[in-house]
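One structure below.
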Amino acid sequence: LLLRWRRRRALWRKVAEAQERQERSLVRMEAVVQRFREQHPSVSMASIVSLPLPELSRKLRDGSLPLDHVFYAYVGKALQLAIETNCITEYLQESESQVRKAKLMEKQGLLYGVPVSIKDSIDCQGHDSTLGFIKNLNKPAAEDSVVVQVLKRQGAIPFVKTNVPQSLISYDCKNLIFGQTRNPLMYTRTPGGSSGGEGALVGGNGSILGIGTDVGGSLRFPAAFCGICAIKPTGKRLSKRGVMSGVVGQKAVAAAVGPLAKDVESLALCLRALLSEDMFNLDSTVPPLPFNEEVYSSTKPLRIGYYETDFFTMPSPAMRRAVRETKQLLEEAGHTLVPFELTNVDYVIFNYCVRGMFADGGSSFVKKFKGEMEKGGTGLFFWLAKAPHWLKTLLSWIFKPFVPRLSSIIRSMKENTVDEVWSLHHEIEDFCHQFIAQWKKLNLDVMLCPMLGPALGIGYPAKLSVAVSYTMLYNALDFPAGVVPVTLATDEDEEQLKGYKGYYQDWFDRTLAKAFRGGVGMPVAVQCVALPWQEELCLRFMKEVETL
């Protein structure tokens with residue numbers, strides 16, 4: 001008991017030190033912004049942060065906007081958002097000297113002078129990538145991740161790191177070190193996760209461009225919940241060197257690095273910058289595919305597949321309406337919309353996603369929590385991963401008649417043999433080819449899909465792991481998928497929620513109905529999907545949806 005008490009005290013000391021560092025970061029931000037304001041009292045910071053990224057970038061490159069004006073305007077706005085939503089974990093103080101150096105640069109990259117926020121799990125030299133784990137504190141990265149190196153070579157200025165849920169295996173945003181991040185549009189709602197700090201900061205205008213990761217919707221949830229845009233590229237389109245993962249080594253569900261921004265044009269500008277020779281030279285496992293301008297700027301009418309539900313997670317009235325209204329606008333604009341029938345999503349979620357990510361029975365996931373004081377929003381998965389096989393089998397059998405989805409999750413978390421893992425990977429490949437065959441039979445260019453929304457209340461994602469079905473499908477398939485906000489939840493949507501039953505009418509469905517409630521006025525997005533390696537077509541479709 002004494003040893004345990006001493007260990008816990010040492011952990012609390014590390015947490016307190018990290019929180020003091022976070023506080024010092026905010027104090028530093030306040031000091032530099034105050035000094036800048038005193039030196040430049042006539043600069044309108046509000047007008048700078050209201051500029052869209054393409055225009056801001058143009059003004060920075062032609063010299064009509066000084067770099068330091070833009071930088072300190074965003075530091076000031078980011079500080080405000082950090083106080084309101086608790087989205088920032090650390091201020092990258094070296095960004096101040098980067099601004100000074102950038103002024104002397106002869107070659108100006110596509111993101112010259114643009115302040116960029118970086119998710120906690122993406123390495124920045126000299127700073128921790130904690131994933132919300134105490135054990136990762138005071139272990140600064142030896143070098144920048146490839147994506148951060150490329151951003152810097154393109155002239156961008158990474159200036160803050162942002163909060164994540166513990167382990168990243170959650171679409172809320174809370175950990176024991178830095179606490180809960182709130183949605184900037186409504187503080188009682190989650191900003192989404194695991195790139196939740198990014199969603200809150202970009203959604204509240206505190207950053208013009210953010211970089212996050214996605215293994216089940218971790219870019220798309222924050223974007224949809226905070227009313228901004230994001231794209232999850234094909235897993236290997238952008239480098240993941242120096243990017244920490246929630247479940248290391250698993251290959252069943254593809255993770256990806258991607259940008260979040262206020263509009264689609266900003267996402268396109270970011271991908272143009274990242275898909276450069278620098279990226280391909282720094283990481284030769286990334287295919288040398290530069291950004292295809294011709295595809296992105298094409299105006300030919302699209303043939304678009306669509307569905308309103310996956311028959312696994314019943315869409316909220318606002319989600320259904322978002323797809324219907326977008327479909328109608330696309331048809332009126334001259335595009336062809338074709339119904340697409342999804343089948344066996346339950347099998348995909350349980351057998352490919354849950355079983356694929358926890359193919360070792362969850363033992364590597366459990367190891368990550370060793371010596372930690374809290375299990376964050378992953379309680380169910382953590383508890384199941386620790387349970388012996390016989391208990392999982394028994395519980396799966398007991399729950400099957402009452403909560404069949406919980407029974408399936410338990411059954412999916414058994415330990416697999418190597419042979420079973422190989423068979424699973426082969427099965428996922430077959431599923432991907434069948435999905436593409438169905439897509440090509442309908443001669444589709446892209447797909448319009450629902451996106452979970454409006455933002456759930458804080459704490460609900462931990463109880464609703466099953467609600468990732470709309471996003472995680474495209475990680476299992478490894479298709480590029482982006483989100484665009486298209487509407488706001490209305491009083492009528494709220495009224496219709498009273499009749500929300502769900503497809504299983506189980507505890508999960510009843511909890512999801514409660515989680516949706518009270519979201520009037522919050523943004524609701526749709527998901528835009530393309531075939532692998534067709535990020536430019538995905539962005540072109542997103543741009544069309546955004547414009548309409």
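Quick look at the numbers
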{"quantity": "Packing-based ranking, highest mean first, of 325-338, 105-118, 286-299 given that Cβ atoms within 10 Å are counted", "calculated": "105-118, 325-338, 286-299"}
{"quantity": "Euclidean distance between Cα centres, segment 196-263 to segment 109-145, Å", "calculated": "14 Å"}
{"quantity": "Lys, Arg +1 and Asp, Glu -1 on Cβ, resulting dipole of the chain about Cα centre, debye, nearest 20", "calculated": "1840 debye"}
{"quantity": "Extension reserve of the Arg28-Lys370 stretch, reckoned as 0.36 nm per residue once the Cα distance is removed", "calculated": "119.7 nm"}
{"quantity": "Within segment 157-202, chymotrypsin sites (Phe, Trp or Tyr not before Pro) in DSSP loop having at most 14 other beta-carbon neighbours inside 10 Å", "calculated": "Tyr187"}
{"quantity": "Normalised alpha carbon radius of gyration of segment 130-208 [divisor 2.2 N^0.38 Å]", "calculated": "1.18"}
{"quantity": "Calculated from backbone phi, Karplus (6.51, -1.76, 1.60) coupling profile of segment 356-368 in Hz, x at Gly/Pro", "calculated": "x, 6, 10, 5, 8, x, x, 5, 5, 5, 4, 4, 4"}
{"quantity": "Solvent-accessible area per residue for segment 419-548 (1.4 angstrom probe, square angstrom)", "calculated": "39 Å²"}
{"quantity": "Value of Rg to Rh for segment 283-409 (Rh from inverse mean 1/r over Cα pairs, i.e. Kirkwood)", "calculated": "1.12"}
{"quantity": "Percent of C-alpha pairs per 5 Å bin, segment 138-275, short to long", "calculated": "2, 11, 20, 24, 22, 14, 6, 1"}
{"quantity": "Rg(Cα)/(2.2 N^0.38 Å) for segment 441-545, N = residue count", "calculated": "1.19"}
{"quantity": "Whole-Hz ³J(HN,Hα) from phi, Karplus 6.51 cos²θ - 1.76 cosθ + 1.60, for segment 67-76, glycine and proline x", "calculated": "4, 5, 4, 5, 4, 6, 4, 6, 4, x"}
{"quantity": "Span per principal axis, largest first, for the Cα atoms of segment 2-109 (Å)", "calculated": "64, 29, 25"}
{"quantity": "FRET efficiency, Thr343 to Arg9 (Cβ-Cβ, R0 45 Å, nearest 0.05)", "calculated": "0.25"}
{"quantity": "Whole-percent carbon and sulfur share, accessible surface of the chain, 1.4 Å", "calculated": "54 percent"}
{"quantity": "Label zone at Ser363 (point 7 Å along Cα-to-Cβ), backbone N below 18 Å, segment 408-427", "calculated": "412-422"}
{"quantity": "Accessible heavy-atom area order of Lys135, Lys514, highest first, probe of 1.4 Å", "calculated": "Lys514, Lys135"}
{"quantity": "Percent of beta bridges antiparallel (DSSP, the chain, rounded to nearest 5)", "calculated": "65 percent"}
{"quantity": "With eigenvalues of the C-alpha gyration tensor scaled by 5 and rooted, the chain, Å", "calculated": "34, 29, 22"}
{"quantity": "Computed accessible area, Phe358, all protein chains, 1.4 angstrom probe, square angstrom", "calculated": "10 Å²"}
{"quantity": "Difference of contour (0.36 nm per residue) and Cα-Cα distance, Asp430 to Ile398", "calculated": "8.3 nm"}
{"quantity": "Cα-centred dipole magnitude for segment 1-284, charges only on beta-carbon of K, R (+1) and D, E (-1), debye, nearest 20", "calculated": "860 debye"}
{"quantity": "Rounded to whole Å, sorted largest first: equivalent-ellipsoid semi-axes of segment 1-284, Cα gyration tensor", "calculated": "28, 22, 18"}
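The values are calculated or read from the model by the stated rules, or taken from the named source; none is laboratory data. Just so it is clear, the model here is predicted, and its values are computed rather than measured. Neighbour counts run over all protein chains shown; Cβ positions are idealised from the backbone, glycine included. Side chains included, ligands, DNA and RNA excluded: accessible areas come from the protein's heavy atoms. Shrake-Rupley method; radii C 1.70, N 1.55, O 1.52, S 1.80 Å.
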